[in-house]
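Peer 1: Mind having a look at this structure? Questions to follow.
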Amino acid sequence: MSVTNDALFLFLAALTAIIGCALLALSQSRNWREVIGGKPPELTPRLAKWTGWIFIFASLVFCVLRDGGSFAAILWPLLFAVGALSVAMLLAYRPSCLKPVSAILAKAAAYESRLRAQELSRPGNKQG
């Protein structure tokens, strides 16, 4: 693999680890209040948690694609720890910097509500 691809996969692995950690942090009501303000919508914490873990897994995939399983086993926990520390520092000193991550949640919530509406509109589905 070329140096450019290695750098790109490393960047994507780090970015997805940080976004995943931020989403996991936003799944907690206290962090949501600090970053977004107010109480989170009903399904948002669960959605944030699942989306966060999906991003963490994507980080693992990028690590394996970059270096194979042996070095990815070392690199991925390191990136996960760096992501967690970065998000912790942002929450402590600049929580508003995590607001763009909530856009990911908004898109995921819109997609989920569309799926629910389609499921409810199918013939034979009973509401309630």
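Peer 1: As an exercise: evaluate A81 against (1) closer than 30 Å to S2 by Cα; (2) at pLDDT below 95; (3) more than 12 Å from the chain's Cα centre (by Cα); (4) surrounded by 12 or more Cβ atoms within 10 Å (Cβ to Cβ) and give the number of the one condition it does not meet.
Peer 2: The one condition A81 does not meet is (2).
Peer 1: Scanning segment 29-49 for residues that are under 16 Å from I104 (Cα atoms) and free of Cβ contacts under 8 Å to residues at least 40 places away in the same chain, which turns out surrounded by the most Cβ atoms within 10 Å (Cβ to Cβ)?
Peer 2: W32
The rows are residues; the columns are (1) over 14 Å from A17 (Cα atoms); (2) under 13 Å from the mean Cα position of the chain (by Cα).
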residue: I56; (1), (2): no, yes
residue: D67; (1), (2): yes, no
residue: S70; (1), (2): yes, no
residue: A73; (1), (2): yes, no
residue: L85; (1), (2): no, no
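Peer 1: Can you tell me which residues in segment 56-106 are touching a helix residue (DSSP H, G or I) at 6+ places or on another chain (Cβ under 8 Å), basic (K, R) and more than 14 Å from L15 (Cβ to Cβ)?
Peer 2: Once the filter is applied, which keeps residues that are touching a helix residue (DSSP H, G or I) at 6+ places or on another chain (Cβ under 8 Å), basic (K, R) and more than 14 Å from L15 (Cβ to Cβ), segment 56-106 yields only K99.
Peer 1: Restricting segment 8-54 to residues that are of a type in the set (S, T, Y) and under 14 Å from V87 (Cα atoms), which is farthest from the chain's Cα centre (by Cα)?
Peer 2: Within segment 8-54, the first condition is being of a type in the set (S, T, Y), and the residues that meet it are 16, 27, 29, 44, 51.
Remaining after also requiring under 14 Å from V87 (Cα atoms): 16, 27.
Numbers: T16: 7, S27: 10 Å.
Checking each candidate, the answer is S27.
Peer 1: What number of residues within segment 89-120 are free of Cβ contacts under 8 Å to residues at least 24 places away in the same chain and part of a helix (DSSP H, G or I)?
Peer 2: Kept after step one, since they are free of Cβ contacts under 8 Å to residues at least 24 places away in the same chain, are these residues of segment 89-120: 89, 92-94, 97, 100, 103, 106-107, 110-111, 113-120.
Narrowing the set further to residues that are part of a helix (DSSP H, G or I) leaves 89, 92-93, 97, 100, 103, 106-107, 110-111, 113-120.
The number of residues fulfilling the criteria is 18.
Peer 1: Scan (1) at pLDDT below 95; (2) of a type outside the set (D, E, K, R); (3) part of a helix (DSSP H, G or I); (4) loosely packed, with under 15 Cβ neighbours inside 10 Å for the single condition F57 breaks and write down its number.
Peer 2: Only one criterion is unmet by F57, namely (1).
The values are calculated or read from the model by the stated rules, or taken from the named source; none is laboratory data. Here the structure is a predicted model, which means the values were calculated and not measured. Virtual Cβ from ideal backbone geometry, glycine too; neighbours counted across all protein chains shown.
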